[in-house]
Structures are given as structure tokens and as C-alpha cells.
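Only the coordinates and a few stated rules stand behind these numbers; no lab work does. Since the structure is predicted, the reported quantities are computational estimates derived from the model, not experimental observations. A quick note on method: Cβ atoms are made from the backbone with ideal geometry, for glycine too, and the neighbour counts reach across all protein chains shown.
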Amino acid sequence: TAVMEKILLRRSSLLRDQQQAWQESLEGREMLEFRQNLPAYKEKDTILIAILQNQVVIISGETGCGKTTQIPQFILESEIDSARGAFCSIICTQPRRISAISVSERVASERGEKLGESVGYKVRLEGIKGRDTCLLFCTTGILLRRLLVDRNLKGVTHVIVDEIHERGMNEDFLLIVLKDLLPRRPELKLILMSATLDAELFSSYFDGAPLIHIPGFTYPVRTHFLENILEMTGYRLTPSNQIDDYGQERMWKMSKQAPRKRKSQIVSSVEDALRAADFKDFSRQTQESLSCWNPDCIGFNLIEYLLSYICENERPGAVLVFMTGWDDISSLKDKLQAHPILGDPSRVLLLTCHGSMASSEQKLIFEEPEDGVRKIVLTTNIAETSITINDVVFVLDCGKAKETSYDALNNTPCLLPSWVSKVSTQQRRGRAGRVQPGECHHLYPRCVYDAFTEYQLPEILRTPLQSLCLQIKSLKLGSISEFLSRALQSPKLLAVQNAIEYLKVIGALDENENLTVLGRYLTMLPMEPKLGKMLILGAILNCLDPVLTIVAGLSVRDPFLTPLDKKDLAEAAKLQFSHDHSDHLALVRAYEGWKEAEKDLAGYDYCWKNFLSAQSMKAIDSLREEFLSLLKDTGLIDSYATSCNGWSYDQHLIRAVICYGLYPGICSVVHNEKSFSLKTMEDGPVLLYSDGHLKMLGGYLEFFMQPAIAEKYLSLRREFDELIQIKLLNPQMVLHLHHELISAIRLLVSEDQCDGRFVFGRPDLKPSNMPVAP
Ligand code: ADP
Ligand code: MG
């Protein structure tokens, strides 16, 4: 070790010399100057002393003040200066892979290095890390995975958990684990970083750990709500009694109004419009009543108008447009590209910013455009706090973000655009005032903003806990409910019990809450357990290809489009694919057709003709690849995925896999003369929130089997479970077991008298406050 120590000391002094040389170069000097002007830099000493004196330190400071890029560097530099540089190992977690990558690139370039020297990153399926890397940016998930094999984080000297204000499930979970670890590793330092001021909660969670606030400076931002915008643009809203995709919200039509109406008149017309849309208790302004106001419907035209207005009339400065999700961003992009000004590359640099963008795309976002060209960035809420674009002067805010929510009573997750909180709104607004006074346009009325909640509910309190429970078990953290009771804010007991019960029912946990083999495989697949289970089944029953498509299809927006004015045509188009009454198999056929068409570069036409969403098709395509590589990682399929498709054309088998994977989320349909009703597997009633039009549920329906067969199926389920567990224990094992499984399933579904039973496949699209199918 004495030799080792010598080597490390030498490396440290090399690192120091290298930095000195860099800071004396022209580029290095400029970079240092930029860094020194960041608010975080002024607090450098305070921060370093606090870290020296305390095991846990909490740092808050406005977005863009330099927390993420500077603080890990301060620690690294002070370790290098103290000659311990090569001994330190700093891990900084990011909630999203894109920020882990972009931040590590930035920090490396601030240090005049390439990635993989002292700075590296690691995200799932990707990473750059060298022998000398002592500052690693990674996703929270990666650190949790490391804890799986390295409970004490041996050798790590500093853990920095970034963006804790987001209160993501993984981060809350990590904090419980780290809190347990601290007494075991007294020399380990923990630094928490937050973009908002409400850091006291964390301080008291960590026994009064010190709080450091980095004071920031932003220019004033003028704020406009919808009523002001309407006045400015001369547009008017009128409700048009139509029902949109979710079957519950009314559409709003935009119509050009005689220009320049008096303000009060326009405000009252917004209010009238809201009232007309059953916004009954307008004054109560509850979160619930907010669901009546849907900005998505008016949004696109208004955004296009505002953007072209800004381009033609306003001073220079980039525009940041907050949208709900990737699908909205790409449809808006298509629309804008067809616009005479906004689509003209000599005038507008139109960029997108979202979780799955490529890193080449990322760089463009930070670059300044040429003179006379305006940069417009369409973004998800990722640019709210994790990514800071410096030259933004105008912000458009649609007020919504996609979030997962969960209804404990019905045990159902949903992924829906939801209103953001007041704090998020302030963050979005603040983006406009970084370099000069800015403007922020909120695309919703002031009264809607007033009804926003102050903070967003932490993810652990609003999403299903099934995956989290599996993780707790795989990290061997003891009793699930005991462990979760030690969280920053514990989830409801009912939610925890539901999750455990569900995991038992699907066979991931045994009676004593221990992970089964299936459970262990499910922990390797970062997705909802029901989807993971379908993939595993598809792989071991050799019908993987269609199952990949189905699972991918269940994870994206419904690719079957039904434009309101061409409903009949759209339904007829879908019927061609679903002649056997299966939405799932229809999806498989639609995807296969698209894939064929893509070979001749005719995918887009194919989608157009068949009322399919080209974006969903592309998303399905890339998700399939991702799922496939995940499955390869588990070892369930070989690296060439050669032998997992022998039964891919057996529809009975595929249906059984769907049903088996979704169980117990399936229900039966009881037909009457004119209508029908739905029943649970236990014959309980199923409540629908719309008046029976199944498409409105966003529900995927699968013809399944008559009650008698369903009972037989249920009685066989336990045997399936056992067979599958055995197969999973030894994936390479014996063919006859395989055949046994397949013939057992085929026996069940071969009595093909399909007219009574459906399987429910997309409960995820339902609003959380509605009663739903168990
Ligand atoms: P915080 O974490 O406090 O929100 P950051 O450390 O991410 O702030 O950013 C500090 C500054 O560095 C910001 O002004 C930001 O614009 C700039 N910055 C961050 N990443 C990049 C990048 N990849 N390219 C150019 N500038 C960047
Ligand atoms: Mg940051």
C-alpha cells in the first residue's frame, strides 16, 4: 500500500499541475472567469468549510447559480490541492440521464479535459469512466444499483444528491438508504442540493444538518396570463361542445376576434367560456375543477401566434416553450416548421429539449445562434431546473407537465398531463430573467394559476409503490412497511399494503414478503411489474417479438388516432387490423405494417392512410430495442435473440401472455341486448367514468374467454406460476418444461369461444380521480 500511496500522490500532483497549466491558457482563463462570476463561486469557501465540519450539508440556490457544475468541482479541487486528489471518489446523482451526461461534459470542458479523465458519467447502458476518474455523474438509479452489490459504498468519499427539491421516488428512496449508511461510514460526506428554498424538511430529516443558501440574482420578468395574451393578440375563446381523446374535457376553439377589445370584456369572455364548460363552482377553484380547463386544445395555435409575434416585434433573445411531453413537442415542431417565419432557418433556430435527445442535439441548445437568428427551444419540464439555457428572454408556459399519479383506493397508476405547482411556475418564469429583464406568457387564466397547489406532491406519495417495494426487497432492506415508514414523508399504509398485495398476487413476492425468482427478474427491468412480467413471459414462451411490440405500445400514447371529424374512417381503418377483436393484436399488425413500409421509406404515408401516429410508431420501435437489450442483460435471452420467436405467430399463446401478464387487471364483459357491463374476475362491478364508449377509456381491450374458461384459467394459474419460477431458476433448462408450459396455456385458450371476456390493458391513461376497473 505504501507503493500504492506513492502512485496516488504522484497522480494528485500531476492533476494539480495539469489544472494550473489549463488555467494559465487563454481558454482556461476565460472559462475560469465565467465560473468565478457564478453566484456559487462566491460561496466556495463557506461551502467547503461546512462540508469539512459536517457529515451532511444541504445547499440551496436558484437554478443556474452553479450548484451542479461548480460544487462537485470545488470538492474535487480542494481534494487535489490538499494532495488527496487521487484518493477521493465523488459521486453526484442526477434524476435524469440527460442531465448526468450534459453536466459531466460541461464539467470536463470547464477543466480543459476530455470525459473519462478526472470526470466521467454513468447512466444505464452507457458511460465514460477512466482509471483516474474521481468525479462521477450518474443517475440515481445507477447509485441504487451500485448499493445492491456494495452496501457500504466502499471507497466513495462524497455523495452529492442533486435536485432533491423534485422529490422523485428514487431520490427519496436513496435518502433513506443513505441515512442508514451514514453511521456505518462516519467519514463519508453527503451533500444535498436543491433549487428551492424549502430545504428545512431535509435539514430536520438529517438531524439538523446545516443549510447553505446561495443568493442569486435575476432580472424582473413581466408576467402575462391568458387574459392579457388574448387582449394582446385579439383572439377569443369559445367552447365547442366536443369531447376530446380522454372523453371528459371540452375542446376550445380559437377564433380571431375583432382586434383590440377592451380588457374587461375579454376577461369576462374567458370567465364565460369557463362557466359554459361546466366549470360550475368557478369560485371554489379546487384542483378538481381545474381539470375542466384544457390548454392543450387551444395551445398550439396560440403558441404559434405568440412565437411569430415575438419573432417579428420583440427584441433579440431566445424563447423557451414549456410543453407537457415529447409527443406534444414533436407535433408542435412539425406545425411550426410549416410556418413561413418560424420554419425559416435563416430567421429561426428551432430546437427541442427532452429526456431522450441525443447529445449532439444537446450541445446546440447551449450555443448562441448567429446574429438575426432567434433560438426557440421547445422543452419538457427538464429545462425547469436541470438544464439552464443562458440567453433566454421569453418563456411560454403551458402550465402542465406529465406526471405519474396514483389512486390508492383503486390501485391504479396514471400518466397524465397535470397542472404544475406554483413553485414550478415560478421556476419556469425565472428562466426568462437570467441575462436581462424578460417576459413570461402563461397560457392559462390567472384564476387557474391561483388554484395551483403550492408544491407538487412528492412522487412517493402519488405513484404506485410496486417497483419501489421490489427494489427494497432486492436491496435486502427488511420489512417494506417498516422501511418506508422512515421516509422523508411516508406513503399511506393503504398504498404500501396494496403494492405488497399486488406483488404477491402476480407472484413476485411470496407469502412472507420474500422475493420470488420472478420478483428478482422483475427488479432487473425498470418498468411497471406487469409490463416486465409480460416481457419475461414472452421471452420464456418464445413469442417475444409481438410481446415486445405490445409492451412498447402500452408504454406510449395510443397510436390509433381518431380525429373527431373523421371518426368513422379512423375506426374502419383500425378494424382492418383488429378483425379478431383484439386491440393488442391490432397494434402488432399495425406496427409490422409500418415496419415494412419504413423499409421503402413510406412509413409516414402508411401512418397517414391508416390513422396511426407516426411518432408512436417510432417510439414503439426504439422502446422495442431498449426492452430487448434489457432482456439480454437479464440473461433470459441470448445476445443474438435467436431462439425466442418460435411461437410468435401463435395468437392464442400471445393472448394468454397478455392476460397472464396483466392479471389481476382484467375484467369480463357481460352483454345484454343493447349494452354491456364490466365485471371483475371476482364478479364485482367495474365502474366506468364515461358512459360506456370504450374507446374513450383509452382502454385496450382484448377478447378473452368465457367465464367457464376463465375459471379454469384461474385454477391453473398457480401451476403456471410454479412452472415459470422453475424455468426462471434455470433459463437454459430442459425443453420439455417449455413444452409443458406452452401446452398448458394452449389447452386453456384453445377452446376458442371468445365472446364474453375482455382483458384491460391501458388503465394508465385514465384520470386519477375517476373510478376505474380494478
Ligand atoms: P444549477 O445547478 O445551480 O442550476 P448549473 O451548475 O447547472 O446551475 O449551471 C451553471 C451555469 O453554467 C449556468 O449559467 C449554465 O447556463 C452554465 N452551463 C451549464 N451547462 C452548460 C453547458 N453544457 N454549456 C454551456 N453552459 C452551461
Ligand atoms: Mg443543477
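Annotations for the structure displayed:
- Top positive-direction residue, dipole computed over region 8-135 with Cβ charges, set Phe34, Pro95, Thr46: Pro95
- Of Lys179/Lys618; Lys504/Lys727; Lys154/Lys533, pairs whose Cα-Cα distance is over 30 Å: Lys179/Lys618; Lys154/Lys533
- Average projection area in nm² (convex hull over Cα atoms of region 607-650, one quarter of hull surface): 4.2
- DSSP-loop GluC sites (Glu not before Pro) across region 308-399, with at most 16 other Cβ within 10 angstrom: Glu314, Glu367, Glu370
- Counting every pair of alpha carbons in region 55-213, the share spaced more than 19 Å apart comes to 51 percent.
- Each Lys and Arg Cβ is given +1 and each Asp and Glu Cβ -1; about its Cα centre, region 70-201 then shows a dipole of about 600 debye.
- Neighbour counts of other Cβ atoms within 10 Å put Lys44, Lys504 in the fewest-to-most order Lys504, Lys44.
- Within region 431-464, GluC sites (Glu not before Pro) in DSSP loop having at most 13 other beta-carbon neighbours inside 10 Å: Glu454
- Ellipsoid fit via the Cα gyration tensor, region 122-227: semi-axes of 30, 19, 14 Å, each the root of five times an eigenvalue, largest first.
- Neighbour counting of Cβ atoms within 10 Å sorts the residues Tyr663, Tyr591, fewest neighbours leading, into Tyr663, Tyr591.
- Candidates per trypsin sites (Lys or Arg not before Pro) in region 439-498, loop by DSSP, up to 15 other Cβ within 10 Å: Lys476, Arg486, Lys492
- Approximate spin-label separation Asp721-Tyr604, in nm, with each point projected 7 Å along Cα-to-Cβ: 5.1
- With N as its number of residues, region 560-624 has a Cα radius of gyration that, divided by 2.2 N^0.38 Å, comes to 1.06.
- Fewest-first ordering of Asp391, Asp81 by other beta carbons within 10 Å of each residue's beta carbon gives Asp81, Asp391.
- Across region 89-127, the residues whose backbone nitrogen lies under 20 Å from the label position 7 Å along the beta-carbon direction of Gln20 are 111-113, 118.
- Normalised convex hull volume, region 1-78, alpha-carbon set, Å³ per residue: 106
- With a Förster radius of 60 Å applied to the beta-carbon distance between Lys129 and Asp568, the computed FRET efficiency rounds to 0.60.
- For region 472-548, the direction-averaged projected area of the alpha-carbon convex hull comes to 5.6 nm².
- Along principal axes, Cα extents of region 353-400, largest first, whole Å: 32, 24, 14
- Along region 21-26 the Karplus relation, 6.51 cos²θ - 1.76 cosθ + 1.60 evaluated at θ = phi - 60°, assigns HN-Hα couplings of 4, 4, 6, 8, 6, 4 Hz to successive residues, with x for each Gly and Pro.
- Amide H contacts under 5 Å for Glu403, placed H, 5+ residues apart: Leu416, Ser418
- Rounded to the nearest 20 debye, the dipole size of region 83-126 about its Cα centre is 180 debye, using +1 on the Cβ of Lys and Arg and -1 on the Cβ of Asp and Glu.
- Sequence ranges 139-145, 206-212, ranked by mean other-Cβ count within 10 angstrom, highest first: 139-145, 206-212
- log₁₀ of I(q)/I(0) at q = 0.10, 0.16 Å⁻¹ - region 460-609, Debye sum with one point per alpha carbon: -0.52, -0.90
- Under 5 Å, built H, 5+ apart or other chain: amide partners of Val377: Val319, Leu320, Val321, Leu351
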